[in-house]
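Student: Here's a structure for you.
The values are calculated or read from the model by the stated rules, or taken from the named source; none is laboratory data. What you see is a predicted model, and the numbers here were worked out from it, not measured in a lab. Note that we place each Cβ from the backbone using ideal geometry, even for glycine, and neighbour counts take in every protein chain shown. Each accessible area value is taken on the protein alone, full model and side chains, heavy atoms only, with ligands, DNA and RNA left out. Shrake-Rupley method; radii C 1.70, N 1.55, O 1.52, S 1.80 Å.
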Amino acid sequence: MSSLNQPPFATDDISGVQDGQSPIRPQSDPIPSPQNPHPISASVGCQVEDDAFPIPTTSTLDRDPLPSSSLPHAHFHVDVEEKQPTVQLHGILRKTPSSKFGSQYSVRDGEMGASQQSLHASQQLFADKSRAASVLSETAKKRAGSRLALFHLGGKDHEEHAYAPSDAGSSSIHDVKHTSFGPLILDHSDTEDSWWRRCLSKKKSVTRSFTVEELKKDLTMTEHLTPLDNLYAQLDVNPQTGVSEEEASARLLRDGKNILTPPKKVPEIVKLLGEFVGGFSPLLEIGALLCFIAFGIQAGTSPDDFPYDNLYLAIVLIVVVLITGGFLYAQKAKSERIMEGFKKMLPQSATVLRNGKLIEIAAENVVLGDIVEVRAGDRIPADIRILECKTLKVDNSSLTGESEPQSRSPESSEDPLASKNLVFYTCNAVEGWGRGIVVKRGDNTVMGRIAKLTTRLDTSETTIAREMRYFVILICVLALTMGVLCIAVALALGYGGFYAVILAIGLVVANVPEGIIITVTVMLTLTAKRMAKKNCLIKNLEAVETLGACSVICSDKTGTLTQNRMTVAHAWVDDLVATIDTASEDLTGKELPDTTTCKALLNVAILCNRATFKDDQRHKPVYSRDCKGDASETAILKFTEILTGDTMAARQQHKAVAEIPFNSTMKFQVSVHETLVEGKKRYLLVMKGAPERIWDRCATIGVNGETEAKNAFWTEKFNEAYLDLGSRGERVLGFCDYLLPEEEFPAGTVFDCENPNFPLENLRFLGLLSLVDPPRAAVPDAVAKCRSAGVQVIMVTGDHPVTAKAIARSVGIISEGTETVEDVARRRGIPVAEVDPAEVRAVVVHGSELREMRDEEVDAVLMNHAEIVFARTSPHQKLIIVEACQRAGAVVGVTGDGVNDSPALKKANIGIAMGITGSDVSKQAADIVLLDDNFASIVIGIEEGRLIFDNLKKTICYTMMSNIPEIAPVVLYFLASVPLGLTTIPMLLVCLGTDMVPSISMAHETAEADIMKLPPRSGDERLVSAQLMHCCYLQAGMICAVGAFFTYFVVFGEMGFRPWMLINLRDDWENGANNDLADSYGQEWTFAQRMLLQKKVDSAFFASIVVFQWIDIICRKVRRKSVLQKGMSNWFMDFAILFETVVTVFCIYVPYLNYALTLAPIRFVWWLPMLPFALFFFAFDELRRYAIRHFPDGWMDRNFYM
């Protein structure tokens, strides 16, 4: 709908009162004068090929346009109507700065209140630049238009049109056959790229045809404007008989099924294989390959006697890769299966006219040119131009974001989405009947276009994916560096290459935390399950943590911030504005006065209402009942049902004998009902509609049970009440009645509704009811939590600016006492142009303003204002807003429920779709689905996301700690030539056995403090930071390694090998031919005895690491608080400590199992040497956190807070 026709506030009545109705004439409305008896409005739209002309995109002129010589490549159209003396230029021209946002605009005072500013700026600019535009001829228009790379809704890429022009030289768009709009022209070059350039290109050329820039462009269609006779000719159809069966079959064979082409799916085997080459898997696979090679070499050189250690290690590494990859694949496949349960069925059938008969066919078999009938409850099977209809209303919310059903008629307008003669694929007919002709189908529909382009958008990398990629690269570089250094040093010291490679494999395995990927995935899965119980379904596991990093939420209004149900909010009756409780049925209407006037108002609200309850709804609470009728009439029905108890009975007692439905011309609905007055049958006329229309038709007003004459006093009171309710963004309706005189309308009177034979003037005014889609009860608290957490909430809605502003204030997006520039101007009594935007924190940006802004202007709005509402926005503008927030460095979350939201959902860092009202396309594009459509669920998700980030840091710090005690034995074995303290298989046992369950237990850890009072984490904060590496490697890891080697020396010492004797003992220790190796006491050890002792040392070393892990996991519960403050309330962690202990005991003491793991039973006392070191670490870590708590931003906090 044109911005020139918007109201100063929402006053649409239940049947679709047209915009523009106000009790006070806007200041910008034209007034006829002798010099200008017929004010004329000319809307001039243009597209300019280059950006060289600094001409305002929208200008307001009161004079004739200047010559067009200064705009050589412009494309214009003119719409002339006798309404307002303005000429509006709109298109993609760049503009000069304004005092508000750096752009000029022209709209009525009702929506933005800046018409005078635009008028002055535009006139001044045109006077300075001496540039303007004139209307080009139709032929010139076609030439200029052909030079533009405009995006048209069209067929498949690089295909011929379904219909070709009948005459290539025709200059009229109505003289050509249906073309379904050609594909986007991006490349005018005839040259072909070089072969080497094509090979090096990272993307296929086709993907460049669908970029964000194309998505931003407005939809272009002409089928709704083409004269019907020409359209019938283009589509080759007779409107009386429809398409013949033979022709329909031919068209179906030519054009294919009327379905959306599903996006290409990656084969499941490719997905599975992809998991085997991600993360740490390549390192482990290379290690396994080298182990197989080493085993082969050993078997080849010593066929009679060779160890199987390398074979066992290779098999274990391969099993680890298979388990990790299979687990990750299973988790992702499970998420996809969950989403399949959400797919709602697309239209299954359609009623079409074939061979002169109405038949029902499968919706997928509808063809271009089919004459289709739609009725209330039907889902539209294609994009259809309406030929005839009766009270037809459709729900376009999935495409346009409009919360109210839109009335349809054969009337057309320039904008396809606002044109009344178009209904769109997958939208629902909610009322009435209509017949139309199919002009678009399948992928060529508006819905198909958005769905297709959404699949071409590149998705933003999640924060956890980025952090895990950084972590994997860091560990891989560290492991490979150590491996290469090991080989180089070993070769330099004279070791053989084979031996050096075996040592390098040990170092690589020691560095890689093999279980961390599984651990992270399980933690994300557990969090996702916990969030699902709170009505927040996670489609993409990585989205859990990304939501916690969110710094900006671009939220839809209808159904997300509000309840998506119209409710009576206020009533003006007996000169009293009563506030109606919208949350509780018990309190609804308690504020209303108990007078006959109020009862008469409720009686009119019951009778002058076409909404009804559906069958079998009596047992439900009134607010939860399903109804037939539009949203506003449904709200009034529920309101009166609560107050009166049985509206249906009241209607039966007062049978309707005549009714004139609402229409956009009269803007009221009237009906006549039978009633009993003093036992006599009389007739009561009831009327409702636009308040100013109702007031004008009344001669009296009911007040406190009395009837008074309408006068200047009551007119002023009416205007005050109307303005008060309208300024709150509520939809206001007026009500009146009139008891028809018995002598003029005796019983049995036949009423004529075509030419009314009953009075429509001199009625009795009863009062006003205002309706609003009320905010959800939990939303204000949720917005307050976001504010305290440093998360900015931006409202992005297609609704009216005043309504959006009112809801924003009620939920706290615009805080109490905060003013916009319009509020400041109104308070000071000055023009908006004189208000400095820097004075205000809040701003309401109209979609028409946003359309004309450059990127830097949008960035300035986001930077200069903390509280922002975007109203009357189009789907593509939501994408522009998301991009602007991301340019500012924000992590953006976007909510949406319609097909129109899907591009923004996919472009955002985190897309959040609605589970109840959401379309299939939006759910597929989103990362998270809110099962209850409630904004408060997002805040719960943010809290869980922040918690999971903290817990992931703790988990990684705990897991990485064991790397140092695993690396240290290999390093000393290599440099000091001591017997190996820990072999490779126990290393893997630590990573995959004893580490994993305690790590997963961190997912159940609660927050240390109120994390929703902390700002979002900085983009520079890494999951694996230098401080975290310092904590896990140089603090916990080093202490653990020292304690483990102390155990190592204790075991060797008790068995007769003192510590200094172990230096340079490796060669003799591993010499299989040496069976008389003497220890420090002269005892001789055979090779078999030494290998058994080696296994016991391995077991003791392994057990000492596990003992240290007991304390380490307890210390990792907290990052700042004391463990004594947090306590041990995490039962899963208590179980994990017990579990890893039991696993360790089993591995060490169970026969055969310990042999396979290269372990052996050990004495109980060998578990104890690590305890002093573990307790020392506990005390050290408590002191570290004490210093961090008591000296914030101090040296300890900066360098040791992980």
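Student: Sorting Glu1054, Glu431, Glu754 by accessible area (1.4 Å probe), largest first, what list results? Write out the running numbers ahead of the final one.
Tutor: Details: Glu1054 95, Glu431 45, Glu754 155 Å².
So the residues, ranked largest to smallest area, are Glu754, Glu1054, Glu431.
Student: Okay, next question. Quick one: order Ile517, Ile1113 from most to least accessible surface, probe 1.4 Å.
Tutor: Ile517, Ile1113
Student: Kindly flag which residue pairs out of Lys271/Lys954; Lys557/Lys953; Lys271/Lys534; Lys785/Lys954 have an alpha-carbon separation exceeding 28 Å in this structure.
Tutor: Going by Cα-Cα distance, Lys271/Lys954; Lys557/Lys953; Lys271/Lys534 fall outside the 28 Å limit.
Student: Another question about this same structure. Under the 0.36 nm per residue contour assumption, what length would be gained going from the current alpha-carbon distance of Glu1021 and Arg1198 to full extension? It would help to have the intermediate numbers written out before the result.
Tutor: Working: separation 177, 0.36 × 177 = 63.72 nm, distance 1.26 nm.
Extending this stretch completely gives an extra 62.5 nm.
Student: Let me know the Rg and Dmax you get for region 430-550 when you use only its Cα atoms, in Å.
Tutor: In Å, with Rg to one decimal and Dmax whole: 26.2, 92.
Student: Using packing as a proxy for protection, rank 439-446, 780-787 so that the peptide with the highest average count of other Cβ atoms within 10 Å comes first.
Tutor: 439-446, 780-787
Student: Using every pair of alpha-carbon atoms in region 704-753, split the distances into 10 Å bins beginning at 0 and state the percent of pairs per bin, rounded to integers.
Tutor: 17, 33, 26, 21, 4
Student: While we're looking at this one, here's another question. To the nearest 10 Å², what's Thr558's accessible area with a 1.4 Å probe?
Tutor: Result for Thr558: roughly 20 Å² accessible.
Student: While we're looking at this one, here's another question. Where Rh is the Kirkwood radius over the Cα pairs of region 659-747, the temperature 20 °C and the viscosity 1.002 mPa s, what D in µm²/s does Stokes-Einstein return? Mind dumping the intermediate values first?
Tutor: On the way: Rh = 14.7 Å.
The calculation lands on 146 µm²/s.
Student: Something else: Keeping every protein chain in place, order Asp616, Asp1068 by accessible area at 1.4 Å, biggest value first, i.e. largest first.
Tutor: Asp616, Asp1068
Student: Could you tell me what fraction of 2.2 N^0.38 Å the Cα radius of gyration of region 568-676 comes to, as a two-decimal ratio? Mind showing how you got there, number by number?
Tutor: Working: Rg = 14.1 Å, N = 109, 2.2 N^0.38 = 13.1 Å.
Against the empirical 2.2 N^0.38 Å value, I get 1.08 for region 568-676.
Student: Something else about it: Would you kindly find the accessible area of Ser810, with a 1.4 Å probe and non-protein molecules such as ligands, DNA and RNA excluded, rounding to the nearest 10 Å²?
Tutor: Near enough 60 Å² of accessible area.
Student: Could you give the radius of gyration (one decimal) and Dmax (whole number) of the Cα atoms in region 358-497, in Å?
Tutor: Cα only, region 358-497: 29.3, 95 Å (Rg, Dmax).
Student: Within 10 Å, count the other beta carbons around each residue, average over each peptide in 648-658, 566-576, 275-285, and list them highest first.
Tutor: Ranked from most to least packed, the peptides come out as 566-576, 275-285, 648-658.
Student: Calculate, in nm to one decimal, what Arg375 and Asn864 gain on full extension: separation in residues at 0.36 nm each, minus their alpha carbon distance.
Tutor: 171.2 nm
Student: Oh, and also: With Kirkwood's inverse mean 1/r over C-alpha pairs for Rh, give me the Rg to Rh ratio of region 724-883, two decimals please.
Tutor: For region 724-883, the value is 1.19.
Student: Treat each spin label as a single point 7 Å out from the Cα along the C-beta direction, and report the Arg1189 to Leu1138 distance in nm.
Tutor: 2.9 nm
Student: Let me ask another. Starting from the Cα gyration tensor of region 517-559, take the square roots of the eigenvalues, sort them a ≥ b ≥ c, and report rounded, prolate or oblate (rounded when a/c is under 1.5, otherwise prolate if a/b is larger than b/c, else oblate). Numbers along the way, then the final one.
Tutor: Working: a/c = 3.30, a/b = 1.69, b/c = 1.95.
Taking the square roots of the gyration eigenvalues as a ≥ b ≥ c, region 517-559 is oblate.
Student: Which value, to two decimals, describes the C-alpha radius of gyration of region 512-587 once divided by 2.2 N^0.38 Å?
Tutor: 1.92
Student: Taking the Kirkwood radius as the inverse of the mean 1/r across Cα pairs, report the Rg/Rh of region 251-328.
Tutor: Working: Rg = 22.3 Å, Rh = 15.8 Å.
Result for region 251-328 is an Rg/Rh of 1.42.
Student: Would you compute, for the Cα atoms of region 976-1117, the largest minus smallest coordinate along each principal axis and list the three values in descending order, in whole Å?
Tutor: Over region 976-1117, Cα extents along the principal axes are 69, 25, 22 Å.
Student: If the chain between Val1145 and Leu480 were fully stretched, how many nm would it gain, using 0.36 nm times the residue separation less the Cα-Cα distance? Before the final figure, lay out each step's value.
Tutor: Values: separation 665, 0.36 × 665 = 239.40 nm, distance 3.30 nm.
Gain in length upon complete extension: 236.1 nm.
Student: How would you rank 361-374, 473-486, highest first, on the average number of other Cβ atoms within 10 Å across their residues?
Tutor: Ranking, from highest mean packing down: 361-374, 473-486.
Student: I'd like the accessible area for Glu1084, computed on protein heavy atoms only with a 1.4 Å probe and all protein chains in place. Round to 10 Å², please.
Tutor: That residue has around 120 Å² of solvent-accessible surface.
Student: I would also like to ask the following. Across 10 Å bins from 0, what is the distribution of all Cα-Cα pair distances for region 359-400, in whole percents?
Tutor: Answer for region 359-400: a P(r) of 22, 57, 21, 0 percent.
Student: For region 874-989, which semi-axes, largest first and in whole Å, follow from the square roots of 5 times the eigenvalues of its Cα gyration tensor? Write down the numbers at each step before the final one.
Tutor: On the way: eigenvalues 474, 49, 32 Å².
Working through the eigenvalues yields semi-axes of 49, 16, 13 Å.
Student: If I histogram all Cα-Cα distances within region 1012-1092 using bins 10 Å wide from 0, what percent of pairs lands in each bin?
Tutor: With 10 Å bins starting at 0, P(r) equals 15, 30, 17, 15, 11, 8, 4.
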